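These notes are about the structure you will find just below.
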């Protein structure tokens, strides 16, 4: 009988940060016969390991691998967002909301029920409606070049009295971070929408919360793309039934890699739920 070969996907992406030495060593400890990985070329023609052509979804950095040098890529963290540091960061927030339906279901399994999902986009909409009748100032930060400006244009068409005092795209180098904070502070903004995607936006807010002079720094993921008309929000029926993730997957099949995290999340929650029952 032929032996079935066990190949670790990006090392062991479910047990360690994907495509890192830690994930590869875990695969070795798990007696994997081999590992699957991905190679990319940097701007200065160095070979590096990274799954996607960009680093936004697996690091605290942003941009395409081919547009960054090896030294620039080396400044970012490709694994800390999966450890306890990120949990502590979230718990340090002044307000946490259940953006995904999975969190709502998990809360019920863990006997700490959350009544309903509160998507960042929907909360942002409510904030915009309030701001349209007040004198509070808004800064839009994130998205690809031009997206924040387009979002501003379309939002002002809808909320004619909204006071948007500045915009900035989400592509920057670490040494530019202080400059961005200064730009936001100089604008006099009361609220800044940070749209860098998780975990980058949460990490950015935490790093700069003491330096920022805004009253509220709010991470709302890809909402700027929706405001700008670059991405279509899921129809209401999908949102109400908790199937928005499925709609987005159909529209953007490249998300399948991220969706593979959902079964792992469900398994972890169910395991903890059983433990609570035993205790």
Item checked: Test set (1) in a loop (DSSP other than H, G, I, E, B); (2) over 18 Å from residue 132 (Cβ atoms) - residue 160 fails condition number -> (2)
Next item on the list: Check residue 135 against each of (1) at pLDDT below 90; (2) in the same structural domain as residue 165 (by TED's automatic domain parsing); (3) over 19 Å from residue 214 (Cα atoms) and name the one condition it does not meet.
Entry: (3)
Notebook entry, point to check: Taking the range 189-211, which residues are in a loop (DSSP other than H, G, I, E, B), more than 12 Å from the chain's Cα centre (by Cα), farther than 23 Å from residue 128 by Cα and in contact (Cβ under 8 Å) with a residue 12 or more places away in the chain?
Noted result: 211
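Residue-wise test of (1) surrounded by fewer than 18 Cβ atoms within 10 Å (Cβ to Cβ); (2) over 22 Å from the mean Cα position of the chain (by Cα); (3) under 24 Å from residue 173 (Cβ atoms).
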position: 31; (1), (2), (3): yes, yes, no
position: 45; (1), (2), (3): yes, yes, yes
position: 63; (1), (2), (3): no, no, yes
position: 73; (1), (2), (3): no, no, yes
Item checked: Residue that is surrounded by the fewest Cβ atoms within 10 Å (Cβ to Cβ) [pool: residues in the range 86-106 that are out of contact with any helix residue (DSSP H, G or I) (no Cβ under 9 Å at 6 or more places or on another chain) and over 30 Å from residue 158 (Cβ atoms)] -> 91
Notebook entry, point to check: Taking helices (runs of 4 or more DSSP H) that fall entirely within the range 20-104, which contain at least 3 residues that are at pLDDT 80 or above and touching a strand residue (DSSP E or B) at 6+ places or on another chain (Cβ under 9 Å)?
Noted result: none
Notebook entry, point to check: Can you name the number of the only condition in (1) out of contact with any helix residue (DSSP H, G or I) (no Cβ under 8 Å at 6 or more places or on another chain); (2) surrounded by fewer than 17 Cβ atoms within 10 Å (Cβ to Cβ); (3) assigned to a loop (DSSP other than H, G, I, E, B); (4) in contact (Cβ under 8 Å) with a residue 40 or more places away in the chain that residue 123 fails?
Noted result: (3)
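The values are calculated or read from the model by the stated rules, or taken from the named source; none is laboratory data. Since the structure is predicted, the reported quantities are computational estimates derived from the model, not experimental observations. Cβ atoms come from the backbone with ideal geometry, glycine included; neighbour counts cover every protein chain shown.
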